[in-house]
Amino acid sequence: MEDTPFDVVILGTGLTESVVAAALSKWGFKVAHVDENSYYGGNEASLTLDEFVEWIDTPPPHSSKISRASRSSEVPPFARQYSICLCPTIIPSTGPFIDALVQSGVSKYSSFRLLERIAVYDGSGGLKNVPGSKEDVFKNQDISLIQKRRLMRFLTFAIGDFEQSSELQDKHDLPFTVFLETVFRLDKELVDVITYALAYSNKEADSILTILHRIRRYLRSAGRYGPSPFLVGHYGGIGEITQGFCRAAAVNGAVYILGKKIISINAAETLNQSINEESPKSDLSKNHPQYSVTLEDIPGPLRTDVIIGTNPYVSNQFLSRRQYSPFSSDLKAAYKANPIARCIAIIESPISMSFPSKVGEDDNEDSEQEENARNSNDKVDTAVLVLPQGSVSGGSSKFSAVALMTGEGTLSTPKGKYILYIALPVEPDAAVDPSQILHPYIDVLLKLGREVAQEPIFTAFYIENAGETSPHAVGDPQHNVHGSWFIPPPVPLEPLGDIADIATRNAENIFRNLLDILDNDGEHSRRVNTLSGGIWPQLIDLEEEEV
């Protein structure tokens, strides 16, 4: 490697870093992508159950995101047939992430299924379906006729261009729940459904516009690939897709080195530019420091103009060279997230998703057909269940918990097994035991529709921290734009449906900032601005792939 300079060396194969690698390599820059782990994905990886157990028992190097971890002592059989995602998420059918998948060709390496159900726990042992379309509203027999009309008015408002609407005039500072109650006169049950399960809002500080923009993105995603706005990735979800971006980068010439320890990273003031064929695209001036990265068992260092890597890799000599990749100002709310208490449970039967209906004014001749449809809800393979604050005895009175269930239909479990991901925000620096605070939620979920709760065959618990973010937003004059060591923002912990899109937008920010450093002749930038089809430029016309 010693005679092969690179434009960029990227440390870590997390989602953001992998999207940047795919973009840079596609546009002709020389990329070396390094991960000390033996697997792709970093903190967003999809692991077999054996690998996950090792991850819990021995946290990976340069990672301080998890703490207070515990697990079952017995590991179920067929451990290699599980794909457990360290970053459980659902993917909106429209948005930056899906655009990136299609336009980069990574969708060829990925497969998905629709999320089948979203429901809210009602606090008394039952679930309420979350309506996301006009059809859902009118089929729902738990909502009175007058509330259906009011809900339809809100959904029509939320899917449209509401920014200058009369409904919002002088109401931007209201809590979102008060806004729904006063402007649209929705009852508390519907307010909870919209706030916690349609908007996935977990913070009273969320502004009305932040929540409405999120709801609009989700509503506009419905119908693209089916009735659900959301997709669930096969083989463990986002981790498998992250590996697809790495594969696309490798196809375009990126060099991948996994499972090798980083021995040292040193400054090199000059690089040997005599090897013309192998010289990278960039031609940095002396104002931009250059680096030499030495890896275990790899002959010769990796020489580069720019490094992308998180703070744990940065030694004291490079502190002044850091450039925090800024995030857009409208993403600030995602980075005010609390730590998350997580449980990953393996169960042998799906969570019961039956929805009891009211008998009354909305009954019609199709009631028998609708009852059959409700009974079929028990057999879903993918679902999101929201347990609002205060709804679970012994649970949190401040935060709602979110559970994602995936089964064999996502190709992530053996036949007849299901993975249940439960997430609950906790106060920063709170000395809590994740097993203790999450058990009330497990007990509720595993007893839904049953006389006796089912027992999980495996559980793991831990606290996940958000990680360090840029202190500045895009355009902040205090932001350092002269560094050559880029610190990518961590992938946010919530909301469940925003994770992939936010990571993709962060990747685009890094990509465009790198162009300013790497592309001195401006040729690449001009073509990017002309032909950009998303987070990276289109070199050829791409037909939209079926996801």
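Rg over Rh for segment 1-120 works out to 1.02, both radii taken from alpha-carbon positions and Rh defined as the Kirkwood radius.
In segment 234-255, which residues have a backbone nitrogen under 11 Å from the label point lying 7 Å from Ile298's Cα in the Cα-to-Cβ direction? Only 255 pass the distance filter. Cross-link pairs exceeding 27 Å between alpha carbons, from the set Lys188/Lys398; Lys134/Lys379; Lys65/Lys398; Lys128/Lys447; Lys26/Lys415; Lys139/Lys171: Lys26/Lys415; Lys139/Lys171. Across segment 141-155, computed HN-Hα scalar couplings (Karplus, 6.51 cos²θ - 1.76 cosθ + 1.60, θ = phi - 60°) run 8, 8, 10, 5, 4, 5, 6, 4, 5, 5, 5, 4, 4, 5, 4 Hz from first to last residue, x flagging Gly and Pro. Taking θ as phi - 60° and the Karplus parameters 6.51, -1.76 and 1.60, the scalar couplings of segment 174-179 work out to 6, x, 4, 5, 5, 4 Hz in sequence order, x denoting glycine and proline. Express in whole angstrom the spacing between the alpha-carbon centres of segment 243-268 and segment 167-220. Using only Cα atoms, the two centres lie 43 Å from each other. Over segment 133-221, accessible surface divided per residue gives 49 Å², non-protein components excluded, 1.4 Å probe. Our summary gives segment 133-221 a relative contact order of 32 percent, counting only alpha carbon pairs under 8 angstrom and 6 or more residues apart.
Per-residue 3J(HN,Hα) values for segment 247-262, derived from phi via the Karplus relation 6.51 cos²θ - 1.76 cosθ + 1.60 with θ = phi - 60°, read 5, 5, 5, 5, 4, 8, x, 5, 9, 10, 9, 10, x, 10, 5, 7 Hz in sequence order (x marks Gly and Pro). In this view, the solvent-accessible surface of Arg217, computed with a 1.4 Å probe and all protein chains in place, comes to about 100 Å². Distance between the 7 Å Cα→Cβ label points at His439 and Asp187: 3.6 nm.
In the assembled protein chains, Thr94 presents an accessible area of approximately 50 Å² (probe radius 1.4 Å). Stretching the chain fully between Val75 and Lys134 yields a gain of 16.8 nm (0.36 nm per residue, less the alpha carbon separation). Relative to the 2.2 N^0.38 Å rule of thumb, segment 133-221 has a C-alpha radius of gyration ratio of 1.01. Figure note: Asp381, Asp170 ranked by solvent-accessible area, largest first, 1.4 Å probe, ligands and nucleic acids not counted: Asp170, Asp381. A cut-off of 5 Å between modelled amide H atoms, ignoring neighbours fewer than 5 places along the same chain, links Ile118 with Val130, Val384.
The values are calculated or read from the model by the stated rules, or taken from the named source; none is laboratory data. Owing to the predicted nature of the structure, the values given are computational and were not obtained by experimental measurement. Cβ: placed from backbone, ideal geometry, glycine included. Neighbour counts: every protein chain shown. SASA here: full protein model, heavy atoms, side chains in, ligands and nucleic acids out. Shrake-Rupley method; radii C 1.70, N 1.55, O 1.52, S 1.80 Å.
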